[in-house]
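Structure, as structure tokens:
The values are calculated or read from the model by the stated rules, or taken from the named source; none is laboratory data. Quick caveat: nothing in here was measured; it's all calculated off a predicted structure. Note that each Cβ is placed from the backbone with ideal geometry, even for glycine, and that neighbours are counted across all protein chains shown.
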Amino acid sequence: MKVYSGLAGIPVVKSSISYIDGEKGILEYRGIPIQELVENSEFLEVAYLLVFGKLPTVNEYKKFVSDVKKHLQIDSSIINLLEKLPLNTHPMKVLQSAVPVFSAFEDVEDVLDEKHHYNALVRMLGHVPTVLASWKRISNKEDVIPPDGSLSYGENFLYMMRGEKPSKEEGDIFDKCLILHAEHTINASTFTAIVVVSTLADFYSAVSSAVGSLSGRLHGGANERVFYMLSEIKNTEDIPSIIEEKLKKKERIMGFGHRIYKTYDPRAKILKDMLKKLSTKKENSLYRIAEIFEREALKRLGSKGIHPNIDFYSGILYNMLGIPVQFYTPVFAMARIAGWTAHCKEYLKENKLFRPTQIYDGGHNIHYIPAEKRK
Ligand code: CMC
């Protein structure tokens, strides 16, 4: 028997939600190229597509948007809960703690009931931006700002967090970032979500566990670390030696490399193009540093199939939108609710409890030693 370390290359599900060609740099949601969705769609429409398997009709979409927007309002008990947390709690931990509490407001309790899938989806899509924006304000001792019904989904998040209404362009850029982060096949957090739902735990438990999984620095947590890494660079001439030093110490370059993509991550390419366009209007020194960093890192890692991934450029865009650095991974989670929910719903159609096996390599017949005789 062989151990499949990290389950690399082992299919665990059949799925029709998204597709990646890691050699050609292709990503599709329900068969539609990601570029086409970023150009033509909006995040909530993409969330509907991912979860329900088709683009919504005009009326279906109207109802869906209205249901999500209704849930931007959160119960005061959730705000009270946030107010009791230590002010330095990382927003990913706040999110992981708050999501299961949403189930208290749910009337459909059976995870096999499709109504639960819809209710949990619209509730999480609505509540999560408000929880995150409220936490930003509470942790900064600022007043919580309620959602504004006249704003779009993405604009509302920026408004509730910053306290100032975003421009149309800012709202559009943020919405496109959400589309890019909405889904990505069976990665660690999505796998976490389906493992949890396979026990017939509800979608709130699955998503809160997935949030924990996403927080790690090998997964979604990389975007925050890329920002710190780039911000520490004072002189662009130092970049080659900074990279050499990291590689000599066998440190990972954050925002580079991917288990599936062995070429440029198509999401990183779109983010970079958006940044390039934005930086012609609004000078950003980090973008200049990132471009040089990318060029130098690619000289050393490109031949090994290690290229920039989605986390390399996202943080700089978020910074330009006025989102604080600790909220970069939570924004990733906010978008990924769509993908996690889609996979949970799909997995439950032919649910099989996840219960892998192991190869035991410990001892046998080892006898208990009383405490005073232990060395
Ligand atoms: N910097 C330097 N070396 C790297 C990197 C990197 N970012 N990524 C992979 N390598 C090297 C690694 O050291 C190893 O070299 P060797 O064979 O000489 O020991 C080789 O490439 C294979 O590495 P691996 O860890 O076996 O490959 P993996 O498929 O498990 O790695 C990864 C995927 C994402 C964990 C890794 O590329 C990494 O740690 N990247 C940095 C963290 C990061 O940016 N994560 C975000 C991923 S994309 C967003 C998301 O899906 O969450």
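Within the range 203-214, the residues that satisfy the criterion of being closer than 25 Å to Phe312 by Cβ and more than 10 Å from the ligand (Cβ to nearest atom) are Ala210, Val211, Gly212.
Right, Glu291: more than 16 Å from Glu244 (Cα to Cα), more than 13 Å from the ligand (Cβ to nearest atom) and either basic (Lys, Arg) or not in a helix (DSSP H, G or I) (or both) or not? When the stated conditions are applied, Glu291 does not pass them.
Considering (1) among the acidic types (Asp, Glu); (2) away from the ligand (no atom under 13 Å from the Cβ); (3) at pLDDT 95 or above, the lone condition that Glu283 does not fulfil carries the number (3).
Criterion first (of a type outside the set (S, T, N, Q) and crowded, with 17+ Cβ neighbours inside 10 Å) does Val51 satisfy it? Steps first, please.
Working: of a type outside the set (S, T, N, Q): yes; crowded, with 17+ Cβ neighbours inside 10 Å: yes.
Against the criterion (of a type outside the set (S, T, N, Q) and crowded, with 17+ Cβ neighbours inside 10 Å), Val51 qualifies.
Does any residue of the range 175-187 turn out to be surrounded by fewer than 21 Cβ atoms within 10 Å (Cβ to Cβ) and of a type in the set (Asp, Glu)? No - not one qualifying residue is present in the range 175-187. On the basis of being closer than 22 Å to Phe327 by Cα, among the polar types (S, T, N, Q), exposed (fewer than 15 other Cβ atoms within 10 Å of the Cβ) and more than 16 Å from the ligand (Cβ to nearest atom), does Asn88 make the cut? So Asn88 fits the description; yes. Can you pull out the residues in the range 325-350 that are of a type in the set (Phe, Trp, Tyr) and either outside any helix (DSSP H, G or I) or out of contact with any Ser or Thr (no Cβ under 7 Å at 6 or more places or on another chain) (or both)? Result: Phe327, Phe332.
Out of Val108, Val195, which single residue is among the aliphatic types (A, V, I, L, M) and in contact (Cβ under 8 Å) with a residue 24 or more places away in the chain?
On the way: Val108 fails: in contact (Cβ under 8 Å) with a residue 24 or more places away in the chain.
When all the criteria are applied, what remains is Val195.
Within the range 220-253, the set of residues being buried (at least 17 other Cβ atoms within 10 Å of the Cβ) and either touching a Lys or Arg at 6+ places or on another chain (Cβ under 8 Å) or within 16 Å of Pro330 (Cβ to Cβ) (or both) comprises Gly220, Gly221, Ala222, Asn223, Glu224, Arg225, Val226, Phe227, Ile243, Ile253. Taking the numbered list (1) closer than 18 Å to Leu95 by Cβ; (2) surrounded by fewer than 22 Cβ atoms within 10 Å (Cβ to Cβ); (3) touching a residue at least 40 places away in the same chain (Cβ under 8 Å) in turn, Val211 passes all entries but (2).
A residue that is in contact with a Phe, Trp or Tyr (Cβ under 8 Å, 6 or more places away or on another chain) and not in a loop (DSSP other than H, G, I, E, B) cannot be found anywhere in the range 137-149.
Results for (1) over 30 Å from Phe105 (Cβ atoms); (2) over 16 Å from the mean Cα position of the chain (by Cα); (3) at pLDDT 95 or above; (4) small (Gly, Ala, Ser), shown as yes or no for each residue.
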site	(1), (2), (3), (4)
Val211	no, no, yes, no
Asn223	yes, no, no, no
Leu275	yes, yes, no, no
His307	yes, yes, yes, no
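Here is a check on your reading of the model: is Leu200 out of contact with any Ser or Thr (no Cβ under 6 Å at 6 or more places or on another chain) and within 16 Å of the ligand (Cβ to nearest atom)?
Details: out of contact with any Ser or Thr (no Cβ under 6 Å at 6 or more places or on another chain): yes; within 16 Å of the ligand (Cβ to nearest atom): no.
No; evaluated as a whole, the condition is false for this residue.
Could you list all residues from the range 219-255 that are among the acidic types (Asp, Glu), free of Cβ contacts under 8 Å to residues at least 60 places away in the same chain and more than 8 Å from the ligand (Cβ to nearest atom)? Can you show your working first?
Of all residues in the range 219-255, those among the acidic types (Asp, Glu) come to 224, 232, 237-238, 244-245, 251.
This time we only want the ones that are free of Cβ contacts under 8 Å to residues at least 60 places away in the same chain, so: 232, 237-238, 244-245, 251.
Scanning the range 219-255 gives Glu232, Glu237, Asp238, Glu244, Glu245.
Rundown of residues vs (1) more than 14 Å from the ligand (Cβ to nearest atom); (2) over 15 Å from His219 (Cα atoms); (3) in a helix (DSSP H, G or I), yes/no style:
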position: His258; (1), (2), (3): no, no, no
position: Tyr261; (1), (2), (3): no, no, no
position: Leu271; (1), (2), (3): no, yes, yes
position: Met274; (1), (2), (3): yes, yes, yes
position: Arg295; (1), (2), (3): yes, yes, yes
position: Arg300; (1), (2), (3): no, yes, yes
position: Ser303; (1), (2), (3): no, yes, yes
position: Tyr318; (1), (2), (3): yes, yes, yes
position: Ile323; (1), (2), (3): yes, yes, no
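You will find that of Glu237, Glu245, Glu183, Glu155, the residue that is at pLDDT 95 or above and in contact with a strand residue (DSSP E or B) (Cβ under 6 Å, 6 or more places away or on another chain) is Glu183 and no other.
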